[in-house]
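Notes to accompany the following structure.
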Amino acid sequence: MAAAPPQELHRRARRAALGSFVGTAIEWYDFFIYGTAAALVLGKQFFPGTSDLAGTLAAFATLAIGFVARPIGGIVMGHFGDRVGRKSMLVVSLLLMGCATVGIGLLPNYDAIGVLAPILLVTLRFVQGLGVGGEWGGAVLVATENAPEGRKGLYGAAPQIGVPAGVLVANLVFLPLTAFMSEDAFNSWGWRIPFLLSAVLVFVAMWIRLGLEESDEFEATKDREQSTKLPILEVLTRHWKTVLLAGGTFIATNGIAYAYMVYVLKYGETELGFSKTTMLFLLIGSCPFWMAGMALAAWKSDTLGRRTVYVRSSVALVVVAAVFFPLMDTAVLPVMAAAMIALGFTLGCCAGPQSALFAELFPPAIRYSGASLGYQVGAILGGGLAPIVATALYASFETSLAITGYFVLIALISLASILLLKVPGGTSSRSNDQEAV
């Protein structure tokens, strides 16, 4: 297969990075507005007649359902992504997520249709999880496989940066609703607006993604007939240690991030006495620093090596995780803002090299399946459980020190995982070869 000219390769790389960023941002906007709504209103709408704590736990439990579905989406779309192509699965994942999100926005609450309401809510949340489960692997591979040599880390950060961008947009949509609507109006119908807006955003992302092209690397694999009939089977039989350790590196990044994005909103309102609007402002203000951390760490990983940057960032996360809640508990807004910014930036530094790292762990013929499964293992053990665990720990011990201990524990697990993970050398940066273990 003849290689495309350099100008065409650079154009393709830029469009792939843009498509990965925009599509991922919109899919994660969909995923995160559910988390914000779970923290603010879903307990009252779909689980009435329970205590505030029980309603919050039930809403966070439906949040976790999406994480249960994510590995299923990753396995199914990873299979077809490795066999057929990355682009088609990115389109499917976007459609699944968009339809489920709009469906939640239209869903009658418990008062209208009774027990059917939470059942349908859980079902739609499951479909969201299927969509986002196949999203990350495809977006990462489209960005990294089309990237110029020596810049896979930087280009691979595009879908990673799409995650906080989705959080930012989601909270910017919620902010005026909580600030200018009465609480009754917001609880009654205002919370539905962010879900319904997804229809417009998905249309924009779909237009961009339909113009993407498969990478020469993937096409060469197909031309050489190197595709595997059951990619997931090869991943589970020959690369299971890599999958588990890769997932382990992601437990803290994802778990602490979800607590920071979802649980802290509720904690600031119920335990520290701040309004929904104030807590949303703090989260929104920290998102640009989260994105900056991603871009910086991804860029440095192209020269220093993935493992070096990941280890240093993971050590920093242990430290920041230990001081985050003590700083938040001061209830002094400038101190709280500093804590949110520090945690966001550090989480970004951990996530920045992840796209290229995960892509380089697996050969092209099984890369979608392997990278997706590793990512989703970490997501289930991290983000899917974090808001529930944080809520339950505070209810049991009545102190945030219990949550701090949980944060530090999972940060240490992720640090140990990256230290044990064998990182391939020589694929993207000259330092990787020196850093491999």
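The values are calculated or read from the model by the stated rules, or taken from the named source; none is laboratory data. In this text, all values refer to a predicted model and were calculated from it rather than measured experimentally. Glycine also receives a Cβ, built like all others from the backbone with ideal geometry; neighbour counts cover every protein chain displayed. The protein model used for the area step is the full one, side chains on, heavy atoms only, and it has no ligands, DNA or RNA in it. Shrake-Rupley method; radii C 1.70, N 1.55, O 1.52, S 1.80 Å.
Considering only residues of the stretch 325-375 that are in contact (Cβ under 8 Å) with a residue 60 or more places away in the chain and among the aromatic types (F, W, Y), which is farthest from H79 (Cα to Cα)?
The selected residue is F325.
Taking the stretch 166-186 as the search range and keeping residues that are within 19 Å of F21 (Cα to Cα) and open to solvent by less than 10 Å² (accessible area, probe 1.4 Å), which one is farthest from the chain's Cα centre (by Cα)?
It comes out as N171.
Quick one: which residue in V122, V167 is in contact with a Cys (Cβ under 7 Å, 6 or more places away or on another chain) and assigned to a helix (DSSP H, G or I)?
Values: V122 fails: in contact with a Cys (Cβ under 7 Å, 6 or more places away or on another chain).
Among V122, V167, only V167 is in contact with a Cys (Cβ under 7 Å, 6 or more places away or on another chain) and assigned to a helix (DSSP H, G or I).
Within the stretch 49-59, can one find any residue that is touching a residue at least 60 places away in the same chain (Cβ under 8 Å) and either under 15 Å from the mean Cα position of the chain (by Cα) or open to solvent by less than 10 Å² (accessible area, probe 1.4 Å) (or both)?
For the stretch 49-59, residues touching a residue at least 60 places away in the same chain (Cβ under 8 Å) and either under 15 Å from the mean Cα position of the chain (by Cα) or open to solvent by less than 10 Å² (accessible area, probe 1.4 Å) (or both): absent.
Could you please let me know if L40 is surrounded by 19 or more Cβ atoms within 10 Å (Cβ to Cβ), assigned to a helix (DSSP H, G or I) and modelled with pLDDT under 85?
The answer is yes for L40.
Please verify whether V309 is in contact with a Ser or Thr (Cβ under 6 Å, 6 or more places away or on another chain), more than 23 Å from G405 (Cα to Cα) and in a helix (DSSP H, G or I), treating the condition exactly as stated.
Working: in contact with a Ser or Thr (Cβ under 6 Å, 6 or more places away or on another chain): yes; more than 23 Å from G405 (Cα to Cα): yes; in a helix (DSSP H, G or I): yes.
Criteria met by V309.
Picking from Y406, Y375, which residue would you name as being buried (at least 24 other Cβ atoms within 10 Å of the Cβ), of a type outside the set (A, V, I, L, M, F, W, C) and either at negative phi or over 14 Å from the mean Cα position of the chain (by Cα) (or both)?
Being buried (at least 24 other Cβ atoms within 10 Å of the Cβ), of a type outside the set (A, V, I, L, M, F, W, C) and either at negative phi or over 14 Å from the mean Cα position of the chain (by Cα) (or both) holds for just one of Y406, Y375, which is Y375.
Mind checking which residues of the stretch 143-153 are crowded, with 24+ Cβ neighbours inside 10 Å and either hydrophobic (A, V, I, L, M, F, W, C) or not in a loop (DSSP other than H, G, I, E, B) (or both)?
A143, T144, A147, K152, G153
Going through the stretch 115-140 one residue at a time, which ones are surrounded by 17 or more Cβ atoms within 10 Å (Cβ to Cβ) and among the hydrophobic types (A, V, I, L, M, F, W, C)?
Correct list: A117, L121, L124, F126, V127, L130, V132, W136, A139, V140.
Has the stretch 240-252 got at least one residue that is surrounded by fewer than 24 Cβ atoms within 10 Å (Cβ to Cβ), of a type in the set (K, R) and over 30 Å from A39 (Cβ atoms)?
Yes, the stretch 240-252 contains a residue that is surrounded by fewer than 24 Cβ atoms within 10 Å (Cβ to Cβ), of a type in the set (K, R) and over 30 Å from A39 (Cβ atoms).
Considering only the stretch 322-339, state which residues are part of a helix (DSSP H, G or I) and not hydrophobic (A, V, I, L, M, F, W, C).
Residues satisfying the conditions are P326, P334.
Restricting attention to the stretch 61-114, which residues are open to solvent by 10 Å² or more (accessible area, probe 1.4 Å), among the β-branched types (V, I, T) and either more than 12 Å from F126 (Cβ to Cβ) or modelled with pLDDT of 85 or more (or both)?
I72, I75, V76, V84, V91, V92, V102, I113
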